[in-house]
Amino acid sequence: MKIVTIIGARPQFIKAAPFSEIFRKNNEEILVHTGQHYDKNMSDVFFEELRIPKPDYNLGVGSGSHGLQTGRMLEKIEELIVKEKPDGMLVYGDTNSTLAGALAASKLHISVFHVEAGLRSYNKLMPEEQNRILTDHLSDLLLCPTQTAVGNLKNEGITASVLNTGDIMYDVVLRNIEISQSRYSNGAWLEELREQNKNIPIFTENEYYLATIHRAENTDDQKKLFEIFSAFEKMDKPVILPIHPRTRKLINKLDINLENVTLIKPVGYLMMLYLTANAYMVVTDSGGLQKEAYFLKTPCTTLRDQTEWIETLDNDWNVLSSIDVNTILKTATRELDCLKYPQPMLFGDGKAADHICHAILKGGK
Ligand code: UD1
Ligand code: UDP
């Protein structure tokens, strides 16, 4: 079987790693990087660390408004589908790259396989919610990470070709956590952070918050961004924050002096796993990081009013916080009763990539 796989943003590179390895053993995969993320530390580092095959195409679309970015991708993906004539199109998640891939394939009557189908925040103002609803409704095979996602699709009348495969990000964590621990233990993590960034103070494992912020709803509103960083400044432990380029640009406009927060460049996946596993708590608006915190038994505070990953809220492993200084501080300094409870594992058996591969080979037109 020959498929085209579309990736373009950081979390999609990570998700693609285990599937590409398995699928390529007996099949042909044309890997297409849209160029949505292009900085070395937002793209190349993941291909190197996770040994993702070199993309067959890089569309070089880059940044831009939603319409411009999605439109450029659509045009280029359509051209390459016509040229490559695949049996199916694989898309991951909920970015503009996802939607462009699904739409281009669907219009050319190519089967669409959607990994991470069925997630919903029920907040239609989020670009990701728009992308995932449209992609799900265009898809021929809906590969869900959880039973909740299967239920969400059922509520929208989608029941055919829906499968709970487990979460492919769980596969990636299981495959890489030991590699990460052996690479970065005994202080090697701090050495590498110092090599790559200026002014890194002394951090102690389990005595720092790991924070990431990039969601449009938090970054594009200066008042919200100010509240978030003001809260970080008042935290009872230092905050390490690998800063997304979107946030880096916007934070320069904030009138705030950062002392408790150490901004570092975006890190590779193995470093991120180490930082997550050894944090006192993760504070984030990322989708993927909420789950990684859960998989690695690190409590999490999510700086949003909704999450698509509601399983992580059980026993307060993850707690949502609205965006004001006091609520963020209260949530992040809560008693960590969650540590007393076992975690039900609701994200599959760590072999989602195998299940996805099997389903595609059975279900592709
Ligand atoms: C995108 C996804 C979001 C996902 C996130 C993962 C959409 C609508 N959003 O958000 O769902 O959670 O990726 O990280 O698809 N930039 C750079 N260098 C890069 C990439 C981006 O400087 O390599 C800057 C540009 O100024 C760009 C901005 O970041 O305009 C935002 O990038 P974009 O890809 O549009 O959205 P993300 O916020 O990254
Ligand atoms: N990540 C990383 N380096 C960083 C920040 C995040 O490797 O500096 C990883 C993180 O561990 C997770 C993924 O990127 O696997 C999440 O991506 P992001 O938060 O950008 O997107 P989202 O999951 O919210 O779509």
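The values are calculated or read from the model by the stated rules, or taken from the named source; none is laboratory data. Not measured: the values here are computed from a predicted model. Here the Cβ positions follow ideal geometry from the backbone for every residue, glycine too, while neighbour counts run over all protein chains shown.
A count restricted to segment 291-311 and to residues that are within 19 Å of residue 330 (Cβ to Cβ) and in a helix (DSSP H, G or I) stands at 1. Checking 97, 63, 139 one by one, the residue that is over 24 Å from residue 294 (Cβ atoms), more than 16 Å from ligand 1 (Cβ to nearest atom) and of a type in the set (Ser, Thr, Tyr) is 139 and no other.
Taking the criterion of being within 16 Å of ligand 1 (Cβ to nearest atom) and among the aliphatic types (A, V, I, L, M), would at least one residue in segment 226-240 satisfy it? Among the residues of segment 226-240, at least one is within 16 Å of ligand 1 (Cβ to nearest atom) and among the aliphatic types (A, V, I, L, M), which makes the answer yes. Of all residues in segment 200-212, those that are under 13 Å from residue 260 (Cα atoms) and in contact (Cβ under 8 Å) with a residue 12 or more places away in the chain have Cβ atoms under 8 Å from Cβ atoms of residues that are buried (at least 22 other Cβ atoms within 10 Å of the Cβ) and among the small types (Gly, Ala, Ser), 6 or more apart or on another chain, in 208/279; 209/279; 209/332; 210/279.
Table: residues versus (1) more than 17 Å from residue 10 (Cβ to Cβ); (2) crowded, with 20+ Cβ neighbours inside 10 Å; (3) at pLDDT below 95.
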{"site": "197", "(1), (2), (3)": "yes, no, no"}
{"site": "225", "(1), (2), (3)": "yes, yes, no"}
{"site": "228", "(1), (2), (3)": "yes, yes, no"}
{"site": "245", "(1), (2), (3)": "no, no, no"}
{"site": "257", "(1), (2), (3)": "yes, no, yes"}
{"site": "267", "(1), (2), (3)": "no, yes, no"}
{"site": "278", "(1), (2), (3)": "yes, yes, no"}
{"site": "290", "(1), (2), (3)": "no, yes, no"}
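Considering only residues that are among the β-branched types (Val, Ile, Thr) and more than 7 Å from ligand 2 (Cβ to nearest atom), which ones fall in segment 253-276? Within segment 253-276, 256, 261, 262, 264 qualify. Scanning segment 56-100 for residues that are over 16 Å from residue 139 (Cβ atoms) and of a type in the set (Ser, Thr, Tyr) gives 57, 63, 65, 70. Note on segment 104-143: among residues that are among the charged types (D, E, K, R) and more than 15 Å from the chain's Cα centre (by Cα), the one that is surrounded by the fewest Cβ atoms within 10 Å (Cβ to Cβ) is 124.
The single residue among 251, 310, 323, 256 that is β-branched (Val, Ile, Thr) and within 16 Å of ligand 1 (Cβ to nearest atom) turns out to be 251. Kindly establish whether residue 245 is of a type outside the set (D, E, K, R), touching a residue at least 60 places away in the same chain (Cβ under 8 Å) and touching a helix residue (DSSP H, G or I) at 6+ places or on another chain (Cβ under 9 Å). It is true that residue 245 is of a type outside the set (D, E, K, R), touching a residue at least 60 places away in the same chain (Cβ under 8 Å) and touching a helix residue (DSSP H, G or I) at 6+ places or on another chain (Cβ under 9 Å). From the list 134, 153, the one residue that fits, being part of a helix (DSSP H, G or I) and away from ligand 1 (no atom under 16 Å from the Cβ), is 153. Here residue 61 passes the criteria (1) surrounded by 22 or more Cβ atoms within 10 Å (Cβ to Cβ); (2) within 29 Å of residue 163 (Cβ to Cβ) except the one numbered (2). Does residue 74 satisfy the criteria of being of a type in the set (A, V, I, L, M), modelled with pLDDT of 95 or more, within 16 Å of ligand 1 (Cβ to nearest atom) and farther than 25 Å from residue 288 by Cα? Judged against the criteria, residue 74 is a match.
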